[in-house]
Amino acid sequence: MENKQQNKSVLIAVIAMMFLFAMISFVTNMAAPFGTIWKFQYEWAGMMGNMMNFAAYLFMGIPAGMMITKMGYKKTALCALALGFVGICVQYCSSKYGAETAIFGGLMNLNYFIYLLGAFICGFCVCILNTVVNPMLNLLGGGGNRGNQFIQIGGSLNSLAGTLTPMLAGMMIGEVSKSTSMTDVAPLLFIAMAVFALSFVIIYFTNLVEPEQANGDIMSSVKGALGYRQLVLGVIAIFFYVGVEVGIPGEMIFYMDSIGIPNAIAVGGSIAAIYWLLMLVGRFTSSFISGKVSTRTQLITVSSVALVLLLLAIFVPETNTIVLKGAEVPVKCLFLILCGLCTSVMWGGIFNLATEGLGKYTAAASGLFMTMVVGGGVMPLIQETLAGKIGYVQSYWLVVIMVAYILWYALMGSKPAKK
């Protein structure tokens with residue numbers, strides 16, 4: 001009877017973590033469509049909301065792990081959800097206040113500053129949620145293949161939310177013009193507030209199983225986690241991975257625009273969105289096979305295939321074309337889109353291998369991981385700089401190098417060992 005009750009508690013905890021995984025993508029993927037609104041006011045503003053989301057990881061990654069060590073997973077998750085609610089409220093306020101007040105020497109209006117502040121607060125929220133969700137799913141699955149399986153199932157819901165959120169925002173925004181404002185997406189913001197409030201109530205009444213935590217001060221936990229070679233190398237791998245995930249479709253959009261494909265087709269027509277849809281397919285497939293196929297085998301396979309696809313994208317002539325979404329685009333874009341199937345399982349695979357055997361240091365390790373998510377802002381920026389010097393297609397050599405490192409990590413660097 002006691003065993004049955006324990007299994008029920010674990011199931012409820014797993015469902016709660018899956019829901020939070022979807023929430024992470026829901027919040028993060030609002031930034032891009034919102035950016036199309038602000039870009040009409042400030043040419044440079046399109047990706048700043050997204051950058052603020054990622055910048056928050058740099059500041060909150062390790063503190064989030066510290067929060068778990070000190071407060072436990074449940075209280076930390078509740079703090080994150082409260083922050084998310086506040087962040088959405090602040091973004092909503094940007095549609096109501098400060099439109100006529102110029103600040104920073106006329107660089108921006110107060111309402112845009114309020115929006116960026118809200119995006120930064122939401123970045124804190126998703127960073128903390130990521131720090132909670134990934135180790136919890138891994139631990140609830142018992143680590144190993146099953147732990148990875150749970151992360152991939154959560155990742156499938158994450159991808160589904162990531163696909164639906166821009167579509168929903170796009171329907172509300174409609175045709176973007178200078179008169180378009182955050183007021184047009186107010187219903188989406190109200191939905192987000194309601195979801196955060198509901199999530200808070202659900203987690204509050206959910207009996208989460210708290211894994212073992214490290215004793216002693218917080219920095220000792222971080223130091224203890226860094227004593228594991230597979231974690232140190234895995235932290236580098238996750239920094240590169242987020243750069244790969246964001247950089248592949250991001251630079252592809254700029255490339256298509258540079259060769260004359262209408263921007264409405266490249267972005268609104270969802271050519272790049274196929275990449276995210278394939279990530280959903282890949283994670284969903286992995287959630288079925290992860291119980292039988294090892295994490296290392298999956299990561300080696302997808303890294304190898306991604307390398308082949310990237311090299312094909314670089315070397316296949318631009319004159320070879322294919323019709324996608326009614327537009328004639330180079331075949332090399334198809335190879336880049338197909339990389340979505342490969343990147344889909346890299347996050348879960350790297351996290352699973354890097355935290356294997358860390359036990360009480362898992363929370364501190366998760367915090368280190370979240371800090372390195374800033375790679376999603378840093379590496380695409382470097383790639384964009386390279387594109388300006390050597391060309392859009394040739395800039396993908398940087399992505400090749402990063403994927404090659406991930407392949408090496410899967411083959412050699414992920415083998416458990418203490419320094």
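Read-outs throughout are calculated quantities, based only on the coordinates presented, and are distinct from any laboratory measurement. On a predicted model such as this, the values are computed, not experimentally measured, just so you know. Every residue, glycine among them, receives a Cβ derived from its backbone with ideal geometry; neighbour counts consider all protein chains shown.
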FRET efficiency for Val10 and Glu384 from the Cβ-Cβ distance with R0 = 45 Å, rounded to 0.05, comes out at 0.55
Would you kindly derive the ³J(HN,Hα) couplings of the range 108-117 from the backbone phi angles with the Karplus curve 6.51 cos²θ - 1.76 cosθ + 1.60 (θ = phi - 60°), listing them in order in whole Hz, with x for Gly and Pro? 8, 8, 4, 5, 6, 4, 4, 4, 4, 4
Greater than 27 Å apart at Cα, pairs in Lys360/Lys415; Lys74/Lys360; Lys70/Lys292; Lys292/Lys415: Lys70/Lys292
Given labels modelled 7 Å from the Cα in the Cβ direction, how far is it in nm from Ala194 to Ile289? 3.9 nm
